[in-house]
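Participant: Okay, handing you the structure first.
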Amino acid sequence: MSIVLPSILTIVLFIISIYLIIIPVFEKNLMDSKKEMLSELTNTAWSLIEEYHRDYVDSVYTLKEAKQLAASRIELMRYGENGKDYFWITNMHPRMIMHPYRPELNGEDLTDYTDPEGTRLFVKAVNKVKEKGKGFINYMWQWKDDSTRIVPKLSYVKGFPEWNWIVGTGIYLDDVQQELRALRGRLLRISSVITLVIAALLFLIVKQSLRIDKRRNEAEKSLKASREKYRSLVEASTEGTLMLHNDEIIFSNQKFNYMAGCSGPDIKQKAIGELFDIDWQEVKNKLNDSGISVSVDTVIKCNLREKPEVVLSVSKVKLGGEDNYVIVCKEMPRHVKLIRETEHLASELQTSLLLMNQPVRNYIQDILTCKMTDTVGEVAKLMTRKNKNVIFVMLGKALVGVVNDSDLKKRVLSQGLASGTPVMEIMSAPVNTVTDTTLIYEAALFFNNKNISHLAVKNATGEIIGIIGKDDMLNMQHNALSFVVKEIEQAEDISGIKRVHGRIPVIVQSLLDSGAHTWNITRIVTSLTDAITNRVIELTLEEIGKPPCDFAFIVMGSEGRKEQSLATDQDNGIILADHTGGDEEKRNDYFENLSKRINKHLDDIGIQYCKGDVMAQNPKWRQKLGVWKQYFSDWINDGNPQSLLEVNIFFDFRYIYGNSDLVDELREHVNSRSKGKAVFLQHLAQNVIKIKLPGMQGGILGSSPDEDSFDIKKVIMPISGFARIYALQHQLTETNTLERLHTLKEMAVLNTSLYEELVQAYDHLMAQRFKAQTAKISSNEPVNNEIDINKLTELEISILKKIFSQISDIQTKLSFDFKGTA
């Protein structure tokens, strides 16, 4: 019965659909085709009139002769099955000019002429032409040349204003109805045959269903046996192994239970995301794309004692036609751990050593002072209120001593001195000073040699401009980048953040001088910019209060790709939760205020406004999640130049602050909508292919004949665009160009040779970009992406030519890989 009833219902619905849907659609289409035919035929006669009018204008005929010839020609025009369908002409009075079958009407006033139902059909034609210039009218008229037979007729009329004429022709609706009756008859016969065929098939289906049930039972037994076989293999494996079905863990062997520090039943209750620090859906997508095993480096989160680093090898197996997964878990080899730790340590040490060669002027803090006559109690309260651990004692405008926390403990509390004791009795003197050009490592040596906690810093004129502490030096030596980030996180106002941002070019220059890889430089710049943006948002929220709903602040463009240079402006937006509730107007006002303040603060710090207004303060880029989803759907489905430009900016979006679930949901939406969109990817590829590189005629040519420079950002764009297109094709979540290229290499989308060439090319181009920008900052010139060709060495020009050739090769590869077909 589960098969019979749906089948009968299908037959009934099929028959009903024929009469309620299919036949009406056919009738409408038939009538539309008839109307189109009338329009075309009338246009033919109208064109003939226009031809004679041109002859009149050209003085070939007089107006009277032209009208007579046109009317005579149209009077003889016939069409239709028996050649009896015709055209007629009236003027706008109306007065009959010509009627081939009713010559008695020629020249007659037709104002009061009506059909048998009282319709003043010729007046109706005039009104239609006056209103729209052309159109359809319904009325009763004689059957062709048979004046005894009156039938419904549909005519199309069109005015010729130069002669004040109306030309028309029509069809008899009885003919149309006859065609429709024939159509209904054919459909009835067809539906009857189909019904009989379906009934016969229904009998066979019922018969086959019994066989299918039997086979399904046998398949289930076979599947159970297969699973038991795989389970035995998993249990016998010497590596930690899991089996998954429908994304649920159905078995784990003893080795994995030991590695995870959990029992088998506990592991079965957990999701993959609770066991490992991975995106399981992304891993499955890679399996679908590659069709082979996928390796993933991660940690086991289940282990309560520690989080061991492991390498997962994930494979997909078919059991009973369903996807199952086998995960083999191995401890990360010691040499791999050593390499990673070495790279991390090298990066930190390199940054730390470079910063130690910077002058102390970039790291001084405000000085806190008191008078010699102030009491110990007053000084302690002042230091507590200002959150300082050191204070300098002044005599007039001269520094004469210093007191720190240690002095208060050892010389006041331990000695039992009264709080009214003058501070001059416990201060250390004289005060040690350094100039603001002293290098940080020199200051560190000074601290160690003198065994002091703070130094006063003087400028070139000898004026004390601030202090620097020993603890700050130790923090820089321990972890320079973390120290700078911490300084940003502890900033109490925008001016404090601005001071840190001003040191970024110094850091970049130092890293370049040491030969650091550009991916380390961009990582550092991005880390600092992210920290700045986060702190600006926190300070702004403190200013205006708690937000009325969940939101996420995102960045796009180069910041989204973690590839910021020193000439990067703002590209950001805000995603609001869809179901916010409350007063929507107040919510909009709040986020408008928030976004304007954030963008203003960032601009004040030195991260300039976006010239294209791609910022959160623009209402278009401050929308609910649903609106953002629609934006991306429209961009994916629309191939116009503006959409492609916005794709290049927005598809590299990255979470910065707020509810990250909103960003994750948007990324999932983008991946699902772009999957399989061959035409969309072709448009993106064509956009990259069209990027023109600087010319090469002996040397390198500028952006124009009058210029000796070229925009290096435009040279880098094909590489980032290349990575973006393949990342979208393979549903990658990474936004960084080098990370995308690495993942594509791991998935065997790119061969090792091409990957290494692109990485080296990208590294060199970014190094040239940073080098040019830091040079402009040093010369107090506007920072941009222009490279002065005259300042390039022959070796640099040779390398750039090689890179241009490589970029041309990947543009060719895009043209072959993305042709707009699935």
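Participant: Looking at (1) within 13 Å of the chain's Cα centre (by Cα); (2) modelled with pLDDT under 90; (3) outside any helix (DSSP H, G or I), which one does Gly639 not meet, given that it meets all the others?
Facilitator: Looking at each condition in turn, Gly639 falls short on (1).
Participant: Could you name every one of the strands (runs of 3 or more DSSP E) located completely within the stretch 376-481 that has at least 1 residues being not hydrophobic (A, V, I, L, M, F, W, C)?
Facilitator: Here the list reads 398-404, 433-435, 454-458, 464-469.
Participant: Among residues belonging to the stretch 122-172 that are of a type in the set (Val, Ile, Thr) and touching a residue at least 40 places away in the same chain (Cβ under 8 Å), point out the one that is farthest from Arg78 (Cα to Cα). Let's see the steps before the verdict.
Facilitator: Start the filter on the stretch 122-172 by keeping residues that are of a type in the set (Val, Ile, Thr), which leaves 123, 126, 129, 137, 148, 150-151, 157, 166-167, 169, 171.
When the remaining residues are screened for being touching a residue at least 40 places away in the same chain (Cβ under 8 Å), the result is 126, 157, 166-167, 169, 171.
On the way: Val126: 23, Val157: 16, Ile166: 18, Val167: 14, Thr169: 10, Ile171: 13 Å.
Across the stretch 122-172, the extreme among qualifying residues is Val126.
Participant: Scan (1) under 20 Å from the mean Cα position of the chain (by Cα); (2) in a helix (DSSP H, G or I); (3) modelled with pLDDT of 90 or more for the single condition Tyr655 breaks and write down its number.
Facilitator: Every listed condition holds for Tyr655 apart from (2).
Participant: So Ala200 fits all but one of (1) open to solvent by 40 Å² or more (accessible area, probe 1.4 Å); (2) touching a helix residue (DSSP H, G or I) at 6+ places or on another chain (Cβ under 9 Å); (3) part of a helix (DSSP H, G or I); what number is the exception?
Facilitator: Only one criterion is unmet by Ala200, namely (2).
Participant: Look through the stretch 748-784, keep the residues that are at pLDDT 90 or above and farther than 18 Å from His517 by Cα, and return whichever of them is least open to solvent (accessible area, probe 1.4 Å).
Facilitator: Leu750
Participant: Quick check, is Lys470 in contact with a Phe, Trp or Tyr (Cβ under 9 Å, 6 or more places away or on another chain) and open to solvent by 50 Å² or more (accessible area, probe 1.4 Å)?
Facilitator: Yes, satisfied.
Participant: For the stretch 370-403, give me each residue that is among the polar types (S, T, N, Q), surrounded by 14 or more Cβ atoms within 10 Å (Cβ to Cβ) and modelled with pLDDT of 90 or more.
Facilitator: Thr375
Every residue, every condition in (1) open to solvent by 40 Å² or more (accessible area, probe 1.4 Å); (2) at pLDDT 90 or above; (3) under 26 Å from Ala772 (Cβ atoms), yes or no:
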| residue | (1), (2), (3) |
| --- | --- |
| Lys486 | yes, no, no |
| Glu489 | yes, no, no |
| Ser495 | yes, no, no |
| Ile504 | no, no, yes |
| Ile507 | no, no, yes |
| Asn520 | no, no, yes |
| Leu541 | no, yes, no |
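Participant: Applying the selection to the stretch 404-461, what residues are under 30 Å from Pro359 (Cβ atoms), open to solvent by less than 60 Å² (accessible area, probe 1.4 Å) and in contact with an Asp or Glu (Cβ under 8 Å, 6 or more places away or on another chain)?
Facilitator: Within the stretch 404-461, Met427, Ser428, Val434, Ser453, Val457, Asn459 meet the criteria.
Participant: Right, here's the next one. Is it true that some residue in the stretch 548-559 is more than 19 Å from Phe650 (Cβ to Cβ) and either among the basic types (Lys, Arg) or out of contact with any His (no Cβ under 9 Å at 6 or more places or on another chain) (or both)?
Facilitator: The answer is yes, given that some residue of the stretch 548-559 is more than 19 Å from Phe650 (Cβ to Cβ) and either among the basic types (Lys, Arg) or out of contact with any His (no Cβ under 9 Å at 6 or more places or on another chain) (or both).
Participant: For residues in the stretch 599-613 being touching a Ser or Thr at 6+ places or on another chain (Cβ under 8 Å) and part of a helix (DSSP H, G or I), which is most open to solvent (accessible area, probe 1.4 Å)?
Facilitator: Filtering the stretch 599-613 for residues touching a Ser or Thr at 6+ places or on another chain (Cβ under 8 Å) gives 601-602, 607.
In the following step, the residues that additionally are part of a helix (DSSP H, G or I) were identified as 601-602.
Working: His601: 30, Leu602: 5 Å².
Within the stretch 599-613, the match that is most open to solvent (accessible area, probe 1.4 Å) is His601.
The values are calculated or read from the model by the stated rules, or taken from the named source; none is laboratory data. Since we're looking at a predicted model, the values are computed, not measured. Using ideal geometry, Cβ is built from the backbone for each residue, glycine included, and neighbour counts are taken over all protein chains shown. Only protein heavy atoms, including side chains, enter the accessible area calculation; ligands, DNA and RNA are left aside. Shrake-Rupley method; radii C 1.70, N 1.55, O 1.52, S 1.80 Å.
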